[in-house]
Amino acid sequence: MKAAKDKIKKFLSQFFGDRDLQDDEDIFALGFVNSMFAMQLVLFIEKEFEVTIENEDLEFANFRSINSMVSLLERKSTVLARD
Amino acid sequence: MKLELTSQQKDNCSSFRAFVDEEIVPHADRIDREERTPPEIIQKLANKGYLGAILPEDWGGTGMDAIAYGLLNEEIGRGCSSLRCLLTVHSMVAHAILKWGSKFQKEHWLTKLASGDAIAAFALSEPNVGSDAKAVETTATLSGDSYILNGQKKWITYGQIADVFLVFAKWEGKPSAFLVEKNSPGLSIKPILGMLGVRGSMLAELHLNNCQIPQENLVCRQGFGFSHVASSTLDLGRYSVACGCVGIAQACLEACIEYTSKRKQFDVYLKEHQLIRQMITDAIANIKAARLLCYQAGYLKDSGDPKSIMETSIAKYFASTIATKVANDAVQIHGGNGCSSEYPVQRYLRDAKIMEIIEGSTQIQQITIADYGYQEYIFSQNRSSTSQELVART
Ligand SMILES: Cc1cc2nc3c(=O)[nH]c(=O)nc-3n(C[C@H](O)[C@H](O)[C@H](O)COP(=O)(O)OP(=O)(O)OC[C@H]3O[C@@H](n4cnc5c(N)ncnc54)[C@H](O)[C@@H]3O)c2cc1C
């Protein structure tokens, strides 16, 4: 999952300027980015990791930090593997 | 890189064009004048499957890709912007349900929306809330197994005839989205007349006075109504408006080419005057540029690229501003006739101006696009310094 972390970090760094985001850093605590950020994040995750973000995935806790996005992906890929 | 429509897309384009020339263009001035869209024209759109354009075939839709949907919007926009607005808002709601709706909502609504048996409208704006859309004042409270909605929505496109509205309200202070059927108790619908443009788009105000809807009508989840439901929906709306604007500008250009080839002043056709040719040149170049931005946004949408959102905003900004400019020049080129209802260019100008206000005004796009520009710049600076560090280390 190191590769996933790096990809997410690279994507997020577009929005948080020169900040060196830590894996467990709360991105929502860094302030409002813009009204289009949330959807760009959904599209990024869907395209990059070939998953679909659905209603039930929409918990702030799932998108709070790089680590929480990685665990969401891990959970979703186990579900995918099981299906 | 290959910047060319596929043969399938070219075929789509010709059949959309033929439909618009035959079924829409002859009625567009009347729709504008009478401030209403005759139901038989909506039925024709439905029969062609255009109201289900973005819905997959599994739900009875036409399953168009983003490029085909864009071409459809351009062509309908060339004929009648009011009708194009119907396609916009109806598809926005269909998209919201497809992406964020529950299984029940999909089963209940999608096939009806695809066939046009039900018409949908998008209800975000309010008397006190426009550009700052997340500040909606309409409230929702949960009471037993119903939500109770209170507030007022304004400028709702096709609100006079819609069967279902996607309404945004705050539930426990958090922006949320709800489906409200037209016969819901406590909902009253008041027509809005006398608008500057898209006069046939049957706008309405919605008054929600203890409006009661079933609990299963919440779309997505509490708190995600703005960040996810409205923003993904508005992104599709912006794409549709951008392509529709290319259509308006194209209609202006075609009207001007025809007019300047027939009317003479100072013993020559208007097209022989260089100052007229300059306006024609600007129109041609701007239309081509706007169309390419729309194609690029559509291409990125089809590949699910996150960049598609900002590129759509750029396409909408550019296409709507050039549509107003091209339409303004078209009226100028037509002189007195351009100001008369006997020629459609005055309608194009009035409709184009509306496009700079809806789906995020020109100023709101400017703010967002500039932010994006700075973001990209800082990002590429960081990236190049990181790569320089890497180079230095190896
Ligand atoms: C024909 C028509 C159809 C519509 N259909 C729908 C519909 O179907 N559903 C729906 O929900 N809404 C609809 N709307 C409403 C539309 O979305 C709003 O009009 C739009 O969002 C702008 O909001 P406003 O009119 O309240 O203007 P305001 O937000 O009050 O803005 C007024 C002016 O101030 C500018 N401005 C605002 N904020 C800033 C800023 N931060 N910096 C610089 N300038 C700023 C704006 O660009 C604008 O020029 C429709 C409107 C029209 C005219």
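The values are calculated or read from the model by the stated rules, or taken from the named source; none is laboratory data. Note that this is a predicted model, so its numbers are computed, not measured. Don't worry about glycine lacking a Cβ; one is built from the backbone with ideal geometry, like all the others, and counts go over all protein chains shown.
Of all residues in the range B:134-165 being among the β-branched types (Val, Ile, Thr) and within 15 Å of the ligand (Cβ to nearest atom), which is farthest from the other protein chains (Cβ to nearest Cβ)?
B:161
Between a residue in the range B:216-230 that is over 18 Å from residue B:139 (Cβ atoms) and any residue that is among the hydroxyl-bearing types (Ser, Thr, Tyr), which pairs come within a Cβ distance under 7 Å, given they are 6 or more apart or on different chains?
Final answer for the pair search is B:216/B:102.
Hey, could you check the range B:202-218 for residues that are assigned to a strand (DSSP E or B) and more than 16 Å from the ligand (Cβ to nearest atom) and say which is farthest from the other protein chains (Cβ to nearest Cβ)?
Going through the qualifying residues, I end up with B:209.
Return the total of residues in the range B:181-201 being farther than 14 Å from residue B:167 by Cβ and part of a loop (DSSP other than H, G, I, E, B).
12
Just to be sure, is residue B:188 over 20 Å from residue B:128 (Cβ atoms) and of a type in the set (S, T, N, Q)? Can you show your working first?
On the way: over 20 Å from residue B:128 (Cβ atoms): no; of a type in the set (S, T, N, Q): yes.
Against the criterion (over 20 Å from residue B:128 (Cβ atoms) and of a type in the set (S, T, N, Q)), residue B:188 does not qualify.
Given the criterion surrounded by fewer than 23 Cβ atoms within 10 Å (Cβ to Cβ) and either closer than 30 Å to residue B:343 by Cβ or of a type in the set (Val, Ile, Thr) (or both), identify the matching residue among B:23, B:57, B:4.
Numbers: B:57 fails: either closer than 30 Å to residue B:343 by Cβ or of a type in the set (Val, Ile, Thr) (or both); B:4 fails: either closer than 30 Å to residue B:343 by Cβ or of a type in the set (Val, Ile, Thr) (or both).
Just a single option satisfies the conditions, and that option is B:23.
For residues that are more than 10 Å from the ligand (Cβ to nearest atom) and among the β-branched types (Val, Ile, Thr), scanning just the range B:337-370, find the one that is surrounded by the most Cβ atoms within 10 Å (Cβ to Cβ).
Looking at residues that are more than 10 Å from the ligand (Cβ to nearest atom) and among the β-branched types (Val, Ile, Thr), I get B:345.
Do you know which residues across the range B:146-204 are surrounded by fewer than 24 Cβ atoms within 10 Å (Cβ to Cβ), within 27 Å of residue B:355 (Cβ to Cβ) and either of a type in the set (Phe, Trp, Tyr) or not assigned by TED's automatic domain parsing to the domain that holds residue B:216 (or both)?
Selection gives B:155 alone.
Condition (residue is within 13 Å of chain B (Cβ to nearest Cβ), surrounded by 13 or more Cβ atoms within 10 Å (Cβ to Cβ), over 25 Å from residue B:375 (Cα atoms) and at pLDDT below 90) applied to the range A:36-53: is it met by at least one residue?
no
Among B:330, B:251, which is away from the ligand (no atom under 16 Å from the Cβ) and either assigned by TED's automatic domain parsing to the domain that holds residue B:80 or in contact with a Cys (Cβ under 6 Å, 6 or more places away or on another chain) (or both)?
Selected residue: B:330, the only one of B:330, B:251 that is away from the ligand (no atom under 16 Å from the Cβ) and either assigned by TED's automatic domain parsing to the domain that holds residue B:80 or in contact with a Cys (Cβ under 6 Å, 6 or more places away or on another chain) (or both).
Considering only the range B:96-128, state which residues are within 14 Å of chain A (Cβ to nearest Cβ) and either of a type outside the set (Lys, Arg) or free of Cβ contacts under 8 Å to residues at least 12 places away in the same chain (or both).
Passing the criteria: B:96, B:97, B:98, B:100, B:101, B:102, B:103, B:104, B:105, B:124.
Check whether at least one residue in the range B:79-95 is farther than 26 Å from residue B:341 by Cα and small (Gly, Ala, Ser), and report yes or no.
Yes, the range B:79-95 has at least one match.
Residue B:221 versus (1) at pLDDT below 95; (2) part of a helix (DSSP H, G or I): which is the lone unmet condition?
For residue B:221, the exception is condition (2).
Check off (1) surrounded by 24 or more Cβ atoms within 10 Å (Cβ to Cβ); (2) within 14 Å of chain A (Cβ to nearest Cβ); (3) not hydrophobic (A, V, I, L, M, F, W, C) for residue B:231 and give me the number that stays unchecked.
Checking residue B:231 against (1) surrounded by 24 or more Cβ atoms within 10 Å (Cβ to Cβ); (2) within 14 Å of chain A (Cβ to nearest Cβ); (3) not hydrophobic (A, V, I, L, M, F, W, C), the one that fails is (1).
Consider residue B:309 against the criteria (1) of a type in the set (A, V, I, L, M, F, W, C); (2) within 14 Å of chain A (Cβ to nearest Cβ); (3) surrounded by fewer than 17 Cβ atoms within 10 Å (Cβ to Cβ): it satisfies all of them except one. Which criterion is unmet?
All conditions are met except number (3).
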